[in-house]
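The values are calculated or read from the model by the stated rules, or taken from the named source; none is laboratory data. As the structure is a prediction and not an experimental result, all values here were calculated from the model. No Cβ is skipped: glycine too gets one built from the backbone with ideal geometry, and neighbour counts run over all protein chains shown. All accessible areas refer to the heavy atoms of the entire protein, side chains included, with ligands and DNA or RNA removed. Shrake-Rupley method; radii C 1.70, N 1.55, O 1.52, S 1.80 Å.
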Amino acid sequence: KFTLTGANLQVKEATSDQAGSVKFENVDPGTYELKESTVPNGFEKINGTVAITISTSGQLTMTGGDFLTHSDEMGYTVTNVRTRGTVTLQKQDSADSVPVSGAKFTVYSKIGDVPVAYLTESDITTGLYQLSGLETPAKNAVGDWYLSADNQLIVGDYYLKETTTPTGYLPDVDEKNKLHSYDFSIATQGQAVTVSNNGSVSDFFNTPIGSITGQKVIADSGLPLAGATIGLFNAAETNLVKDKAIATVLSENDGSFTFSNLLYGTYKIAEVAAPGRYLVNTSAVFTVTVNQNKQAVTMDDSGTPILIANTRRSGGGGGGGNPG
């Protein structure tokens, strides 16, 4: 909506039509001031006025700020700037607060639940995730780009989800194993939103996970032994049998065994079942603390390699590492 004022003119008002045209009729020669009084939601009001002169011959001239342009085809045009803002996310490790790389977030519009942008990691700041475009840019219902060329989001209500989980961390899911959704809104020009997972801090935390890798061998030869059942236990557990294990894995053909996706903490490792021709090694019990997520833990807390050797049962034969 615009208002037109002049020394000998009662204030006139006009509203732009569907084509964006604004018309004041029956205006006498003279000097006037044109001012934008209201704008549609999602646009910034023009900061300034337009000075208008109408000569006695009907010649019209307008002068104003950089929001005013003129061409022979379009005449005089005033341009409104869409309200846009940014959103960033600082991602940290919940165990030691170091920045976390390798994630990717998708930003969705709440209107239609459609993806409109990504948050990808800054090339400059580790763990800082900033707006970037989709492979195919998205438009809203009236044909406006959600994301501008300089990576600014138009006014609106949004949510984001971590759609790529960095290696060594748990996915950001709720108790139903669905990806968490984090809400934010762009409401004012130049707004800079920092997304938080709890509303009180500016850092977005993910839970790190680690792994434990050990080796199973034949006692007298050192050859790898496949098919042994290895148990993972809580650190306080004393009854190291299969039914008490948090998880179990089988040793592979090369004798290796791995427990993956483990929360940081201290565990016990012990064999709970051996291949048919071998005795269970009940004496090899390892206390292992998981506190890194970039490489597997291969030694127990005393610095001893996690190596479990099995002795053949009496009368057993054969020299291979795999049970027959």
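Within the stretch 180-192, can you find the residues that are surrounded by 15 or more Cβ atoms within 10 Å (Cβ to Cβ) and under 15 Å from Lys91 (Cβ atoms)?
Scanning the stretch 180-192 gives a single hit, Tyr182.
From Asn41, Asn47, which residue is touching a residue at least 60 places away in the same chain (Cβ under 8 Å) and out of contact with any strand residue (DSSP E or B) (no Cβ under 8 Å at 6 or more places or on another chain)?
Working: Asn47 fails: touching a residue at least 60 places away in the same chain (Cβ under 8 Å).
It is Asn41.
From Thr258, Thr287, Thr266, which residue is modelled with pLDDT of 95 or more and either among the basic types (Lys, Arg) or within 15 Å of Thr213 (Cβ to Cβ) (or both)? Before the answer, list the steps.
Details: Thr287 fails: either among the basic types (Lys, Arg) or within 15 Å of Thr213 (Cβ to Cβ) (or both); Thr266 fails: either among the basic types (Lys, Arg) or within 15 Å of Thr213 (Cβ to Cβ) (or both).
When all the criteria are applied, what remains is Thr258.
Answer yes or no: is there a residue in the stretch 182-205 that is in contact with a Pro (Cβ under 9 Å, 6 or more places away or on another chain) and among the aliphatic types (A, V, I, L, M).
Going residue by residue through the stretch 182-205, those that are in contact with a Pro (Cβ under 9 Å, 6 or more places away or on another chain) are none.
Checked against the condition, which is being in contact with a Pro (Cβ under 9 Å, 6 or more places away or on another chain) and among the aliphatic types (A, V, I, L, M), the stretch 182-205 yields no hits at all.
Of all residues in the stretch 290-310 being in contact with a Lys or Arg (Cβ under 9 Å, 6 or more places away or on another chain) and open to solvent by 30 Å² or more (accessible area, probe 1.4 Å), which is farthest from Pro208 (Cα to Cα)?
Ala309
For the list (1) open to solvent by 80 Å² or more (accessible area, probe 1.4 Å); (2) assigned to a strand (DSSP E or B); (3) closer than 30 Å to Asn151 by Cβ, I need the number of the one condition that His70 fails.
(3)
Return yes when Pro99 is touching a Gly at 6+ places or on another chain (Cβ under 6 Å), closer than 21 Å to Pro171 by Cβ and without any contact (Cβ under 8 Å) to a residue 40 or more places away in the chain and no when it is not.
Details: touching a Gly at 6+ places or on another chain (Cβ under 6 Å): yes; closer than 21 Å to Pro171 by Cβ: yes; without any contact (Cβ under 8 Å) to a residue 40 or more places away in the chain: yes.
So Pro99 passes the test.
Of all the strands (runs of 3 or more DSSP E) wholly in the stretch 210-324, which have at least 2 residues that are under 39 Å from the mean Cα position of the chain (by Cα) and farther than 25 Å from Pro171 by Cα?
On the way: elements: 229-234, 247-250, 256-263, 265-273, 285-290, 307-310.
Here the list reads 229-234, 265-273, 285-290.
Just one of the numbered conditions (1) within 30 Å of Thr38 (Cα to Cα); (2) open to solvent by less than 40 Å² (accessible area, probe 1.4 Å); (3) assigned to a loop (DSSP other than H, G, I, E, B); (4) among the aliphatic types (A, V, I, L, M) is not true of Val87; which one?
(3)
Within the stretch 114-165, how many residues turn out to be in a loop (DSSP other than H, G, I, E, B) and over 10 Å from the mean Cα position of the chain (by Cα)? Don't jump to the end; show me each part of the working.
Step one: list which residues in the stretch 114-165 are in a loop (DSSP other than H, G, I, E, B), which gives 122-127, 133-138, 140-144, 146, 148-152, 155, 165.
Narrowing further to those that are over 10 Å from the mean Cα position of the chain (by Cα): 122-127, 133-138, 140-144, 146, 148-152, 155.
Adding up the residues that qualify gives 24.
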